[in-house]
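Data block below; observations after.
The values are calculated or read from the model by the stated rules, or taken from the named source; none is laboratory data. If you're wondering where the values come from, they're calculated on a predicted model, not measured in any experiment. Cβ sites come from the backbone with ideal geometry, for glycine too, and all protein chains shown count toward neighbours. Areas reflect the complete protein model, heavy atoms only, side chains present, ligands, DNA and RNA absent. Shrake-Rupley method; radii C 1.70, N 1.55, O 1.52, S 1.80 Å.
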Amino acid sequence: MASAELKNIMNEAIARELKVSIQYMFQHIMIKGKRARFIGSELRAIAIAEMLHAEKIAERLVYLGEIPTTTPKPVDITGTEMEIIQKDIDEEASAIELYKRIIKMANDEGDSTTRLLFEQILAEEELHHQTFQTLLGE
Ligand SMILES: [Fe+2]
Ligand SMILES: [Fe+2]
């Protein structure tokens, strides 16, 4: 079975997924300006994807005998359009880094199901990262 360290870091992943799900959804609700419709719909779609990540990780954690957290990391919806997109780029970059660590840990522990789950989620986080970079115009 998975180590306590792996289960703890998976709970950290859930807390972050819950955070970004709320953050992106409320950025979508509150965003103003000329590009608000377009950016808002991207934010909304990604917010829903992040909630589905939280669901999948929580399901796996329950299977591993751990109670999943329901507490998000602190949500931040402040800033101008460009500032919020930059924050979201940073969120995706740190998710990518965290999930690479989890994939390595799961692999080292011979937990191929957890490894595969996070490989699938990682691929989506890389697309989110790219989408936000495009929205910023980079
Ligand atoms: Fe995610
Ligand atoms: Fe993401």
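Remarks
- Filtering 9, 22, 39 for residues that are of a type in the set (Val, Ile, Thr), more than 25 Å from residue 113 (Cβ to Cβ) and either at pLDDT below 95 or open to solvent by less than 40 Å² (accessible area, probe 1.4 Å) (or both) leaves a single hit, 39.
- Among the residues of this structure, residue 74 does not count as one that is touching a Leu at 6+ places or on another chain (Cβ under 6 Å) and in a loop (DSSP other than H, G, I, E, B).
- Comparison of 2, 45, 13, 58 shows that the only residue that is hydrophobic (A, V, I, L, M, F, W, C), farther than 22 Å from residue 110 by Cα and either touching a residue at least 12 places away in the same chain (Cβ under 8 Å) or out of contact with any helix residue (DSSP H, G or I) (no Cβ under 8 Å at 6 or more places or on another chain) (or both) is 45.
- Which numbered condition residue 54 misses (of (1) more than 22 Å from residue 132 (Cβ to Cβ); (2) surrounded by 18 or more Cβ atoms within 10 Å (Cβ to Cβ)): (1)
- Extreme residue, nearest to ligand 2 (Cβ to nearest atom), among residues of segment 43-75 that are acidic (Asp, Glu) and farther than 13 Å from residue 21 by Cβ: 59
- Annotation for segment 109-118: no member residue is within 11 Å of ligand 2 (Cβ to nearest atom) and either buried (at least 18 other Cβ atoms within 10 Å of the Cβ) or hydrophobic (A, V, I, L, M, F, W, C) (or both).
- Residue count, segment 1-13 (criterion: under 20 Å from residue 89 (Cα atoms) and either touching an Asp or Glu at 6+ places or on another chain (Cβ under 9 Å) or away from ligand 2 (no atom under 13 Å from the Cβ) (or both)): 1
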